[in-house]
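Each value in this text was obtained by applying a stated rule to the coordinates, not by laboratory testing. Treat the numbers as computed from the prediction; the structure is a model and nothing was measured. Backbone-built Cβ (ideal geometry, glycine too); neighbour counts: all protein chains shown.
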């Protein structure tokens, strides 16, 4: 099955992506400290706004449009050049806006300039094209090489807080170089095109439709760090960033299905296979639930041992943040399945947009009082509430289109197995001494416990997994 292969490509890369920060994050926490980590998190959060406005929703829009026309080389060629050139122009405008911002701000100029290379890198990001044609191997291989070079560079050149600017530049340049390496692979898919035949701006309005939810999504992904850095301190932004980074790294393994399924479902929907698209959703939703429940409970159970071992005692404030934020692993897994894997590929852009705008509104409303009263913990709580709002709205919108029983099949089994696993691992965490060996034992015990209970309860996901493996 092509979907399974693509998921394995994506998931294997996401596992690799997990391993890189597992090596670099504790090192950087020690050499840069809370202040260095916080400055990077704060300045990067500002730069993300310029990247967001320059990209105008192209990653989702381009992925879907290429999936629609991939059976016609001429149409695909024309579509690619139109979307690519449009994004180049909008990124130029975004960089001009960044330069104006730089003239008005009074601090962190050198760090902002280093971060701004990422804006330029966004102009040459064509990964959306390869996702649209369902060639995930190209992007995965590219990212493997870039990450390894980045890893080596960090350990070679970043030795203290004074090297913070070098660290930021390494990350920015790795994005730019990585994006440029994808272009040689275009030759096998697209041909030549005459510039006079291109209608670049016809894509602006539809991409803007998907741009609105991305603005809203960015609000509750990045604005917390921006507000913490402005309202409290860059250290608080650093604590939140470390917690958020770990949760999102783990979550990346689960949401890898969204990247794989969007073009697949879009193609099936265009062929009029409506029931097939629903079955894709049911299977995907069951899969991400089975995967995210143990991750959610597992992170909550081991946080108090993991944080001092991984980040050092300087980052103990991260422990309660990770425990609370672990809830979003399940919530984002669900909203990714409902939104990215169903609403978007079935052209229900309005519903998807409203869901993330609703989540962003919740975030804005609660963020200020929560941050004032509870600092970084308040930002974490507002993140959870935001994701809950998004998922809840999407479930409400789809109430007449899908069968909830089929969607939530075996959910009680996943939660029962997850809760038992949490009790066992949390008890072990209280009793065992702080060491990496003990932490690994806890993780292994948790995995075995969860797996055994799923088999005892005869969860459907076990049969699905065996069936897919047989087909392979």
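The calculated FRET efficiency for residue 196 paired with residue 230, based on their beta-carbon distance and R0 = 56 Å, is about 0.70.
If you take the Cα centroid of the stretch 160-197 and the Cα centroid of the stretch 291-312, the two points sit 34 Å apart. Multiplying the residue separation of residue 88 and residue 365 by 0.36 nm and removing their Cα-Cα distance gives an extension gain of 96.3 nm. If the chain linking residue 430 and residue 160 were pulled fully straight, counting 0.36 nm for each residue of separation and taking away their Cα-Cα distance, it would gain 93.8 nm.
Peptides 198-204, 238-244 ranked from most to least packed, by the mean per-residue count of other Cβ atoms within 10 Å: 238-244, 198-204.
When 87, 70 are sorted by how many other C-beta atoms sit within 10 angstrom of their C-beta, beginning with the fewest, the order is 70, 87.
Across the chain, C-alpha contacts under 8 Å between residues 6 or more apart give a mean separation that, scaled by the residue count, equals a relative contact order of 20 percent. Label reach from residue 275 (point 7 Å along Cα→C-beta): in the stretch 399-418, amide nitrogens under 18 Å belong to 401-407. Peptides 445-454, 393-402, 246-255, 152-161 ordered by packing proxy, namely the average of other Cβ atoms within 10 Å per residue, highest first: 246-255, 445-454, 393-402, 152-161. Take every Cα pair under 8 Å whose residues are at least 6 apart in sequence, average their separation, divide by the length of the stretch 323-472, and the relative contact order is 21 percent. When peptides 347-357, 421-431 are sorted by average Cβ neighbour count within 10 Å, with the highest value leading, the order is 347-357, 421-431.
Note on the stretch 61-123 and the stretch 410-424: Cα centroid distance 43 Å, given to the nearest whole angstrom.
Neighbour counts of other Cβ atoms within 10 Å put 325, 275, 387 in the fewest-to-most order 275, 387, 325. For the pair residue 186 and residue 209 in one chain, pulling the backbone fully straight at 0.36 nm per residue adds 5.6 nm over the alpha carbon distance.
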